[in-house]
Amino acid sequence: MSQEDASLEARLEEQETFEPPESFVEQANVSDPGIYEEFEENWPESWERAAEFLDWDEPYDEVLDESEAPTYQWFTGGELNASYNCLDRHVENGAKNRAAIKWEGELGETRTYTYGDLLNEVNEFAAALRDLGVEEDDVVTMYMPMVPELPIAMLACARIGAPHSVVFAGFSADALATRMNDADSEYLITCDGYYRRGDALDHISKTNEGLEDVEHETETVVVDRLGDDLDHSLSESQHDYDELVEAHAGETVEPVSRDAEDMLFLMYTSGTTGKPKGVKHTTGGYLSYVTWTSHSVLDLEPEDTYWCSADIGWITGHSYILYGPLALGTTTVMYEGTPDYPDKDRFWEIVEKNRVDVFYTAPTAIRAFMKWGKEYPERHDLSSLRLLGTVGEPINPRAWKWYYKHIGGEECPIVDTWWQTETGGHMITTLPGINEMKPGSAGPGLPGIDVRIVDGAGEEVDAGEAGYLTVQKPWPGMLRTLYRNDERFVSEYWEEYSDPEADEWVYFPEDGAKIDDDGYITVLGRVDDVLNVSGHRLGTMEIESAVVGVEGIAEAAVVGGDHEVKGEAVYVYAIPEDGYGDQEDELEERAIESVEDSIGPIARPEEVVFTPELPKTRSGKIMRRLLEDIASGNELGNTSTLRNPDIVDQIADQVEND
Ligand code: WTA
């Protein structure tokens, strides 16, 4: 490193606040700091601003109906169609030939869909779905990797008013079946397979395995991604995507007017108990919210080329690859593969080639890039970038600064966006044309978003003190309920801090956080039994029940431990059954296999530690915090309240020796 470089590096390391670059501010979509006050004074009517981004078939009567709180209703009486808002209106307004999706296949092939092309294929596939029997309000499941047919299928469903439920392709057959059964979903759109690091992966066998456990008949559509690279045959109830689309070539389907409160989609996510929760999002509130935040936070313009590197199988992909960017008429990039194939500069090659203006990724990816070294981004011209974003987990200041310097060239603001599957869109972040940035702290609540940090009794804590994150006013993008489980919706999110008798409702996202004197919030992580592995949400209880299901394992505890790249990794502590003590290697293998079968490879344990006992309190509760500290290599606190304090040292020794 040259002397000049070294002193730059040192300056950056010490710098705690960063002003948005003047060149950015000048062109920002939102640059008037008065917006915070405006939202507050005029609340909830201020939210009309979000709804105005959309074309409504029927205007709404009321912005917010609180009568059924905490099931709030937004833009009531309004009617609209999401696919119309993402496609038709842009074509009608002269953007027919603008690129809507630029797809980059892992093997180097590309496909560009203009708004005109996309509208045509969505129409054809919507006609095909109708022909298969899909009716308004039927839940259609998608179990697909990052191929263009996934967003096409989602928009086709939105067009005919059939809510979609996308299951991440990396999830297991079991996970697919659980979700299809829970939603009574009789239609599935899947793929024969996909490429990972150049290898053809079979996806259809996994799909078929899952379908065996689905309790009702299903019609399945299969996209042919692998061609001759995979031999497979389709059963009677399985249809080839291309044939269906061809059979409906040139057909159009009138977009169905949906009530603002009608379900747009379901998205299953992990919670405290073993059973995933079906988060319900609506057409009017959700679409308004993601479009507004894509405009104000991601600063997107129709002329932009924008790339979010998430998978559409997660909420980030729904809100910020598909719905928000397309509702604004932006060009959205979609990449099929991994960041290190064929080499570790793949992302930067994609940015350079497509002249990407705005790039949005996860801290776990940034930590991997850092580890690989700055020479990879340095191979490419990244000067097209204007704004960078992160999502999914806290970003440590070192990773933030690396991203700022080596990807943004110190000329792009970074938005560190805190939000959840349940919130639909961004909640806490700086507005890039207004606020200064503080690495490691996401920023203030967005205009109209009332976030407060409270103690266990619900009282606001002082600046600098750790507490619980709460949201004290509703917002349009919020989940409406958990599918067919209103009771769990209330108990999971509202019971903790609300006062139902006074009709005062406080949303609890189950994250810990602290706030500074400027109102900037640093999110500290989950306070429930949910892990965040590489930005993916996994329930410890789901993993635990997979491990305990293994023959020869009597009891298990699953916790998260710090991990340099993944942020958190899965650690399993297990007690072998009598007589299995000498079979630890096989037990470990079976435990890992069982986790991959019931959830998927993303939940694969980093380590399985066998122990004769688990550390327990006198009342018999497993001391997870201690196990977390052991996994993270932290100093261990007081163990004297344990029923079996000796076991702690024993386990710690074992982890160190492994
Ligand atoms: C965590 C992903 C810190 C948080 C959009 C939240 C974050 C969970 C951030 C939701 C961030 C997300 N800083 N933590 N910028 N963004 N999280 O539902 O713990 O997959 O509760 O939604 O991720 O994960 P989910």
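The values are calculated or read from the model by the stated rules, or taken from the named source; none is laboratory data. All figures in this text were calculated on a predicted structure; none of them were measured in a lab. Cβ atoms come from the backbone with ideal geometry, glycine included; neighbour counts cover every protein chain shown. Side chains are part of the model used for accessible areas, which takes the heavy atoms of the whole protein and leaves out ligands, DNA and RNA. Shrake-Rupley method; radii C 1.70, N 1.55, O 1.52, S 1.80 Å.
The residues packed around residue 397, meaning those with a beta-carbon under 9 Å from its beta-carbon, carry a net charge of +1 if Lys and Arg are +1 and Asp and Glu are -1. Rounded, prolate or oblate: which fits segment 190-243, taking a ≥ b ≥ c as square roots of the Cα gyration tensor eigenvalues, rounded meaning a/c under 1.5, else prolate when a/b beats b/c? Taking the square roots of the gyration eigenvalues as a ≥ b ≥ c, segment 190-243 is oblate.
Surface calculation, 1.4 Å probe, protein heavy atoms: residue 282 sits at approximately 0 Å² accessible. Sorting 41, 542 by accessible area puts them as 41, 542; the probe is 1.4 Å, largest comes first, and only protein heavy atoms count.
The local environment of residue 264, defined by Cβ-Cβ distances under 12 Å, has a net charge of 0 under the rule Lys, Arg +1 and Asp, Glu -1. Look at where the Cα atoms of segment 279-354 and of segment 72-115 average out, and the two centres are 12 Å apart. The value of relative contact order for the chain, using C-alpha pairs under 8 Å at least six residues apart, is 13 percent. When both segment 199-213 and segment 472-533 are represented by their alpha-carbon centers, they are found 36 Å apart. In this structure, the pairs whose alpha-carbon distance is over 27 Å, taken from 344/566; 275/621; 514/616; 405/473; 277/621; 275/344, are 514/616; 405/473; 275/344.
Short-range pairs are left out: with C-alpha atoms under 8 Å and at least six residues apart, the relative contact order of segment 62-415 is 18 percent. Carbon-plus-sulfur accessible fraction, segment 108-168 (probe radius 1.4 Å, protein heavy atoms only): 34%. Calculated [222 nm] ellipticity per residue, helices only, for the chain: -8000 deg cm²/dmol; basis is -39500 (n - 2.57) per DSSP H run with n ≥ 4, divided by all residues, nearest 500. Packing, taken as the mean count of other beta carbons within 10 Å per residue, orders the peptides 461-469, 118-126 from highest to lowest as 118-126, 461-469. Counted over segment 62-415, the DSSP beta bridges are approximately 40% antiparallel.
Multiplying the residue separation of residue 617 and residue 240 by 0.36 nm and removing their Cα-Cα distance gives an extension gain of 130.1 nm. Solvent exposure of the chain, expressed per residue, is 39 Å² of accessible area, with all protein chains present and a 1.4 angstrom probe.
Measuring r between the beta carbons of residue 208 and residue 107 and using R0 = 35 Å, the FRET efficiency lands at 0.90. For segment 530-657, the share of accessible area belonging to carbon and sulfur comes to 41 percent (1.4 Å probe, ligands and nucleic acids excluded).
Show me, bin by bin at 20 Å from 0, the whole-percent P(r) of the chain based on Cα pairs. Going from the shortest bin to the longest, the percentages are 18, 54, 27, 1.
Ignoring ligands, DNA and RNA, how do 545, 619 rank by accessible area with a 1.4 Å probe, largest first? Present the calculation step by step, with values, prior to reporting the outcome.
Values: 545 75, 619 100 Å².
Solvent-accessible surface, decreasing: 619, 545.
For segment 62-415, dividing the convex hull volume of the Cα atoms by the residue count gives 145 Å³ per residue. Rounded to two decimals, the Cα radius of gyration of segment 530-657 over 2.2 N^0.38 Å is 1.00.
Net charge in the neighbourhood of residue 483 (other residues with Cβ under 11 Å of its Cβ; Lys, Arg +1, Asp, Glu -1) is +3.
In sequence order, segment 26-33 has phi-based couplings of 4, 10, 4, 4, 10, 9, 9, x Hz under the Karplus curve 6.51 cos²θ - 1.76 cosθ + 1.60, θ = phi - 60°, and Gly or Pro positions carry x.
Which GluC sites (Glu not before Pro) in segment 589-658 sit in a loop by DSSP (not H, G, I, E or B) and have at most 10 other Cβ atoms within 10 Å of their own Cβ?
Within segment 589-658, the qualifying GluC sites (Glu not before Pro) (loop, at most 10 other Cβ atoms within 10 Å) are 635.
Of all accessible surface on segment 219-336 at a 1.4 Å probe, what whole percent is carbon and sulfur? Carbon and sulfur: 42 percent of the exposed surface of segment 219-336. Binning all Cα-Cα separations of segment 139-190 at 5 Å, short to long from zero, yields these whole-percent fractions: 5, 22, 33, 24, 13, 3.
Close amide H pairs (under 5 Å, H built 1.01 Å from N) link residue 331 with 304, 306, residues at least 5 positions away or on another chain. Extension gain, residue 656-residue 379: 0.36 nm per intervening residue step, less the Cα-Cα distance, totals 95.8 nm.
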